[in-house]
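Trainee: First the structure, which I've put down as structure tokens, then a few questions once you've had a look.
Taken together, the values in this text are just the output of simple stated rules run on the coordinates, not laboratory data. In this text, all values refer to a predicted model and were calculated from it rather than measured experimentally. We place every Cβ from the backbone using ideal geometry, glycine too, and count neighbours over all the protein chains shown.
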Amino acid sequence: MERLPIEFRPMTLGDIPAVLQVEQASFTTPWTRQAFYNELAYNQFAQYMVVEKEGRVIGYCGMWLILNEAHITNIAIHPDYRGRGIGEMMIDGMMALAREAGADSMTLEVRVSNAIAQQLYRKKGFEMTGIRPRYYTDNQEDAMIMWAKLDGGSDEADREVLGAGY
């Protein structure tokens, strides 16, 4: 697997235009500029990070931290950079950030047809716990609900994953 010189850091309002490019290249019903703005400016539970290569945002991930639970809201890696382990590193970083914030479990929804993402999430310890019927508005596809326990991370390993930006 090719290792890229990449950096993970907290998302800022200034990142929204670049994040929208990743979003539009990744999803049939992308989030809007206003949706990202609201998450960053007003949602006290939201934590978002971006991944950059040579100063260019190539991916992002967001989650809500509520009490002892973390909920991945969205994750995307630009199609030009998929298949290189960046999504896995992003999930590792979000899990470490959630553990650091006191979460002991994490959840997400994934399209029932997205076998590649499901495989990654299973690798990271997520298990299917249910289905949300007709969850996706673009085609009424069901979402698989997945949960993972966040125990087992070490402070040292989490600091290494999170890097200097956290």
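Trainee: Express the relative contact order of the chain as a whole percentage, based on alpha carbon pairs under 8 Å and six or more residues apart in sequence. Present the calculation step by step, with values, prior to reporting the outcome.
Mentor: Numbers: 282 pairs, mean separation 33.0, N = 166.
Computed value for the chain: 20 percent relative contact order.
Trainee: For the peptides 45-52, 76-83, what is the packing order when you average, over each peptide's residues, the other Cβ atoms within 10 Å and list the highest mean first?
Mentor: Working: 45-52: 19.8, 76-83: 16.4.
Ranking the peptides 45-52, 76-83 by packing returns 45-52, 76-83.
Trainee: Here is a further query. In the Gaussian network model of the chain, springs joining C-alpha atoms below 10 Å, which of 12, 73, 137 carries the largest mean-square fluctuation?
Mentor: Taking springs between Cα atoms under 10 Å, the residue moving most is 137.
Trainee: Here's a follow-up. So, how do all the Cα-to-Cα distances of the chain break down into 5 Å bins, in percent, from 0 on up?
Mentor: 2, 8, 18, 22, 23, 18, 8, 2, 0
Trainee: Can you give me the distance in nm between label points at residue 33 and residue 12, each placed 7 Å from the Cα along the Cα-to-Cβ direction?
Mentor: Going by the 7 Å Cα→Cβ label model, 1.8 nm.
Trainee: What list of ³J(HN,Hα) couplings, whole Hz, do you get for the range 101-108 from phi and the Karplus terms 6.51, -1.76, 1.60, once you set θ to phi - 60° and write x for glycine and proline?
Mentor: 7, x, 6, 10, 8, 9, 10, 6
Trainee: Count charges around residue 70 for me, please; just the other residues with Cβ under 12 Å from its Cβ, Lys/Arg as +1, Asp/Glu as -1. Intermediate values should be presented prior to the final figure.
Mentor: On the way: positive: 99, 149; negative: 69, 100, 104.
Combined, the nearby Lys, Arg, Asp and Glu give -1.
Trainee: Treating only the Cβ atoms of Lys and Arg (+1) and Asp and Glu (-1) as charged, compute the dipole magnitude of the range 4-65 about its Cα centre; round to the nearest 20 debye.
Mentor: On the way: 4 positive and 6 negative charges, 9 e Å.
With only Lys, Arg, Asp and Glu charged at Cβ, the dipole is about 40 debye.
Trainee: Run the helix sum for the chain: -39,500 (n - 2.57) per DSSP H stretch of 4+ residues, divided by residue count, reported at 222 nm to the nearest 500 deg cm²/dmol. Don't skip to the answer; put the middle values down first.
Mentor: Details: 5 runs with 53 residues, N = 166.
After summing the helix terms and dividing by the residues of the chain, the value is -9500 deg cm²/dmol.
Trainee: Something else now. Between 87, 62, 14, where does the largest GNM mean-square fluctuation fall for the chain, given springs only between Cα atoms within less than 10 Å?
Mentor: The residue that fluctuates most here is 14.
Trainee: OK, next. What is the magnitude of the charge dipole of the chain about its Cα centre, with +1 placed on the Cβ of each Lys and Arg, -1 on the Cβ of each Asp and Glu, and no other charges, expressed in debye to the nearest 20? All intermediate terms of the calculation are to be shown ahead of the outcome.
Mentor: Working: 16 positive and 23 negative charges, 72 e Å.
It works out to roughly 340 debye.
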